[in-house]
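Here the structure comes first, spelled out in C-alpha cells, and everything after it is commentary.
The values are calculated or read from the model by the stated rules, or taken from the named source; none is laboratory data. Worth saying up front: this structure is predicted, and the values here are computed from it rather than measured. As a convention, Cβ positions derive from the backbone with ideal geometry for all residues, glycine included, and neighbour counts pool all protein chains shown.
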Amino acid sequence: MSFASQVPTQIEMPSIDWAASAPLWIVFAGACVSVLLEAFLPRHQRWPVQVLTTGLTLLAALVALAGYALSSPEPVLTFGAALAVDAPALFLWGTLIVLTIPSLLLLADRSVEPGGVFVASAAERAAARSGGNGTSAATGGGGGSSAEHVDRSYGTPDQTPTMQTEPFPFVLFALGGMMAFVAANDLLTMFIALEVLSLPLYLLCGLARRRRLLSQEAAVKYFLLGAFGSAFFLYGIALLYGYAGSVRLSEISDSAAGSLASDTLLFAGLALLLVGLLFKGSVAPFHTWTPDVYQGAPTPVTAFMAACTKVAAFGAIARVLYVAFGSTVWEWRPVLWAVAIVSMVVGAVLGLTQTDVKRMIAYSSIAHAGFLMLGAMAITPDGTAGLLFYLVAYGFTTIAVFGVVSLVRGPDGEASHLSAWAGLAKRSPLTAGIMTFLLLALAGIPLTSGFTAKFALFSAAAADGMVPLVVIALVASAVAAFFYLRVVVLMWFSEPAEDGPTVVVPGAFTTVAITLGTLATLVLGILPTPVLEWAAAGAFIG
C-alpha cells in the first residue's frame, strides 16, 4: 500500500458552538483589538480608547453570557470537545467577568497615583537619586533605599503624565485564560489556558511605577516558581496519559473507575497535577510566592490576582477532582486534608507576624485557600455550591480591601506598613470605617458576606463527613481574626503621627470599585439567597 493512499482525503473540522462560547471569544477578540490599538494609536490617545475598549469588551461578554445562561441551555462540548460549557463554567465565567470590572477600574485610575501606577518602560531599573550631600544614592539598593521610591513621571517635565496602557490587553488575555482554564474538558487545554493566564500576570507584576526593585523581584519570583508549578502540572498530565491513554477528564474518570492497571501512575499523576493547581491557588505549602508578589506588584494588579486567580484556580481544582477523580475520593481526600490543614495554619499563624498590610492580606488569602479546599473536597452539589459562593464573596471583599490600601499614601507613595495606619480614623473616618467592615468580612463576622460564605461552605463540608476539618477551620478563623482586629484597633484607638501618611481622595474609578466591593460584601451578607441559589444551580451534579 502506498503512503499516499493512507492520507485522509478530508479533514474533519472540530465542532464549535459559537453561542455557548461567545463570552470566551469576545474576551480574546477584545484582547487582540487592544493589542492593535496599542500598536497604532499615539500614546496620548491610548488611555481613553483602551479603557473604553476593555470596558465594552467586558460588558459585551457579560451580556452574551447572560443571554445564553437565561435560555436554560444543556451542557455542551465545544471546540472539538476541548471546552465544557456547563452550569459551573457559566457561573465561574460570570464571576470572573464581574470581578474583573472593579479590578479594571482600579487599574485605569489616574487620580490616586497621578499619571497611573505603571512605569513608562518595563525595563526601567531603580534610578539613582541625588542625596542631601550632592552624591547619588546607589542604584539597585534594597527596598528601603531612596532610589526605590523615585516617582518616575512619564515624558519630559513639561508634559502632562500619561498612563502606560499595556496592562489593558494583559488583563483581557489573563481573563480569557482564566475562563478557558475553568471550562477545560481535557488536561492539555487546561495547561495551555494556565500559561495564557499566567504569562500576562508575570508581566503585570513587574510594571510598578514606584519601588521598581521590589516589583521586578516579585515578577521574577512569580515567573520562576510559576514555571516550576507548570512543569509539575505538565509531568502530571504525562503520567495520567500513560495511565488512561487520554487527557480527557471523562476518560480518565472511566479508567480510574474500571481499569485493572496499577494505580501508581494514576495517583502520581494526580499528585503532580495538583501541585500545579495548588500553586496557582496559593495553597500552602505551595504558597511561597504569594506574600512577595502581593507586596511587590502594583496594588491594582494584586487586587486582580487575589480575586480572579483564586476563582480560576479553585474552579479548575473542583472540575478535576469532581469530573476526573470523583470515583477515587477516598484515596486522595486524606492527603488533601493535610494540605488544607497546613494552609489554614500557615496562613493564620504567619499572618500574625506581618507588619505590612499587603503581606498580611497575602497570608489571609493562604488561610482562605485552606477553607476553600473544604469545598473542593466535598464531592457533593452543596459542597460545590458553597465553594462557588465563597469565591464570589471573597473576590469582591478582597478587591475593595486593596482599593482602600491604595488610598493610604506618604511622600514616597503607597504606605502599606502597619505603622502608617495608626490613627487612620482621625484622618479619614470614612476610609477607616470601610476598611473595618471589610476586615470583619474577611474574619467571617455576621451580617457580612464572609460569614454567609463560611457558613455555607463549612456546613456542606460537615455534611460530607469532614467535621474534624471544619473544627480546625473554625479555630484557624478565630486565630486569623486577631490580625484583622489588630488593624482595626490600630486605626481607631491609636494616635496618628504628626508627619504620618495621608488618605488621598479617590477618583471616580477607584470610588466605584471600592463601592461595588463594599456593597457586594454587605448585600451578600444580609440577602445572600439569590446568589446562593445561582451557585446551587451552577454546582456540579452527578
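See the values below:
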| read-out | value |
| --- | --- |
| Some residue of the range 69-76 being modelled with pLDDT of 85 or more and closer than 24 Å to Ala174 by Cβ | yes |
| Qualifying positions in the range 506-527 - assigned to a loop (DSSP other than H, G, I, E, B) and free of Cβ contacts under 8 Å to residues at least 40 places away in the same chain | Leu527 |
| Meets criteria (touching a residue at least 12 places away in the same chain (Cβ under 8 Å), surrounded by fewer than 19 Cβ atoms within 10 Å (Cβ to Cβ) and assigned to a helix (DSSP H, G or I)) for Ala227 | no |
| Whichever residue in the range 352-371 is in contact with a Ser or Thr (Cβ under 6 Å, 6 or more places away or on another chain) and not polar (S, T, N, Q) and, among such residues, is nearest to Leu424 (Cα to Cα) | Val357 |
| Failed condition for Ala537, given (1) surrounded by 14 or more Cβ atoms within 10 Å (Cβ to Cβ); (2) farther than 28 Å from Leu105 by Cα; (3) touching a Gly at 6+ places or on another chain (Cβ under 8 Å); (4) of a type in the set (A, V, I, L, M, F, W, C) | (3) |
| Where a residue in the range 374-385 is within 14 Å of Gly281 (Cα to Cα) and its partner, wherever it lies, is of a type in the set (Val, Ile, Thr), with Cβ under 8 Å and at least six apart | Leu374/Val470; Gly375/Thr384; Ala376/Ile317 |
| Which numbered condition Val51 misses (of (1) under 30 Å from Ser72 (Cα atoms); (2) in a helix (DSSP H, G or I); (3) in contact with a helix residue (DSSP H, G or I) (Cβ under 7 Å, 6 or more places away or on another chain)) | (1) |
| Total residues in the range 197-224, condition outside any helix (DSSP H, G or I) and buried (at least 22 other Cβ atoms within 10 Å of the Cβ) | 5 |
| Residue tally, condition without any contact (Cβ under 8 Å) to a residue 60 or more places away in the chain and not in a helix (DSSP H, G or I), over the range 8-48 | 10 |
| Positions within the range 408-448 being among the aliphatic types (A, V, I, L, M), modelled with pLDDT of 90 or more and within 26 Å of Thr309 (Cβ to Cβ), in sequence order | Ile434, Met435, Leu438, Leu439, Leu440, Ala441, Leu442, Ala443, Ile445 |
| Pro530 being assigned to a helix (DSSP H, G or I), more than 28 Å from Leu352 (Cβ to Cβ) and not polar (S, T, N, Q) | yes |
| Which listed residue, of Val320, Val329, Val349, is surrounded by fewer than 24 Cβ atoms within 10 Å (Cβ to Cβ), aliphatic (A, V, I, L, M), within 30 Å of Leu490 (Cα to Cα) and over 15 Å from the mean Cα position of the chain (by Cα) | Val349 |
| Complete set of residues in the range 291-346 that are among the aliphatic types (A, V, I, L, M), part of a helix (DSSP H, G or I) and touching a Ser or Thr at 6+ places or on another chain (Cβ under 7 Å) | Ala303, Ala306, Ala307, Val311, Ala318, Val323, Ala324 |
| Cβ pairs under 9 Å, 6+ apart, first in the range 349-368 and under 16 Å from Val404 (Cβ atoms), second of a type in the set (Lys, Arg) and surrounded by fewer than 22 Cβ atoms within 10 Å (Cβ to Cβ) | Met360/Arg486 |
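The rows are residues; the columns are (1) surrounded by fewer than 17 Cβ atoms within 10 Å (Cβ to Cβ); (2) closer than 23 Å to Ile526 by Cβ; (3) small (Gly, Ala, Ser); (4) touching a helix residue (DSSP H, G or I) at 6+ places or on another chain (Cβ under 6 Å).
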position: Ser419; (1), (2), (3), (4): yes, no, yes, no
position: Thr436; (1), (2), (3), (4): no, yes, no, yes
position: Ser449; (1), (2), (3), (4): no, yes, yes, yes
position: Pro496; (1), (2), (3), (4): no, no, no, yes
